[in-house]
Each structure stands twice: as C-alpha cells, then as structure tokens.
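Here's the structure we're looking at; comments come further down.
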Amino acid sequence: MPPPTRRIAQIVHLKPAAVAAYKECHANVWPEVLRQIHECNIRDYSIFFDNERTLFATFKYIGEDYEGDMERMRANPKMREWWAMTDGMQESPIPGAVGSAEGPGWWKVLDQVFYTE
C-alpha cells in the first residue's frame with residue numbers, strides 16, 4: 001500500500017527589491033533542483049506571491065520518510081547553491097532562522113485547518 005499523501009503549506013517573505021529576480025529565477029529553475037525535488041518525493045509544488053511581500057508554497061509529499069528526504073535535499077550541493085541565491089531574496093518569519101540549508105526551518109510551515117476534495 002502506498003504511503004498516505006502529506007499536504008504541506010509554507011510561507012516566507014520576499015524582499016520588495018527582489019520581486020523581479022525571484023520571478024525570473026523561478027521561471028528558469030535549474031534542472032538539478034527540479035530533479036532533486038522529484039527524487040525527494042515532492043509533487044504538485046507551487047509557489048504563489050501576494051504582490052505585497054508574502055510567498056505561499058504548497059506541495060504534496062508522497063514518500064515514507066519526510067525528514068530523511070529533506071536531509072538528502074539539504075545534502076545536495078546544487079540545492080544549497082539554489083537556496084543561497086533565493087534565501088538572499090527572502091526574509092524568514094522564523095525567529096533564529098539562518099537559511100534553508102541550516103538551522104530552524106526557513107519557510108514557516110502552516111497548520112491545515114480545513115480540507116475537502
């Protein structure tokens with residue numbers, strides 16, 4: 001039996017001066033990044049921008065070991081390079097966050113309060 005799908009939503013803040021650069025790099029995501037996301041069992045991944053400063057991301061996790069897959073993602077040098085670039089365009093809402101690759105989470109995970117299909 002396949003593992004149950006886990007739905008995840010997150011937010012982070014975008015620096016106003018970085019809007020164009022952030023949209024540009026996400027229009028041309030590096031193939032190594034896309035491959036690693038897929039290999040770490042993430043599907044249906046979207047990032048939305050509210051035209052103020054908040055980025056909202058949602059994705060489905062279809063694997064069996066979320067923490068293990070996220071550790072594999074953090075270990076990938078190309079992912080770390082991507083995050084170094086994109087983190088510089090963002091401001092984390094997590095107290096003490098230093099980046100996507102280290103420390104407490106960079107994106108704030110949201111609690112799901114409602115779902116229907």
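Each value in this text was obtained by applying a stated rule to the coordinates, not by laboratory testing. Because the structure is predicted, anything quoted here is derived from the model rather than measured. Glycine gets a Cβ as well: all are built from the backbone with ideal geometry, and neighbour counts include every protein chain shown.
Can you find, among 114, 104, 25, the residue farthest towards the positive end of the dipole of the chain? Put +1 on the C-beta of Lys and Arg, -1 on that of Asp and Glu.
Result: 25, furthest along the dipole toward the positive end.
Go ahead and estimate [θ] at 222 nm for the chain from helices alone: -39,500 (n - 2.57) per DSSP H run with n ≥ 4, summed, over the residue count, rounded to 500. List each step's numbers first, then the result.
Details: 4 runs with 39 residues, N = 117.
The helix-only estimate for the chain comes to -9500 deg cm²/dmol at 222 nm.
With +1 on each Lys and Arg Cβ and -1 on each Asp and Glu Cβ, how big is the dipole of the chain about its Cα centre, in debye rounded to the nearest 20?
Taking the Cα centre of the chain as origin, the dipole is about 160 debye.
Would you mind calculating the relative contact order of the chain from Cα pairs under 8 angstrom and at least 6 residues apart, reporting the percent as a whole number? Mind dumping the intermediate values first?
On the way: 162 pairs, mean separation 41.1, N = 117.
Relative contact order comes out at 35 percent.
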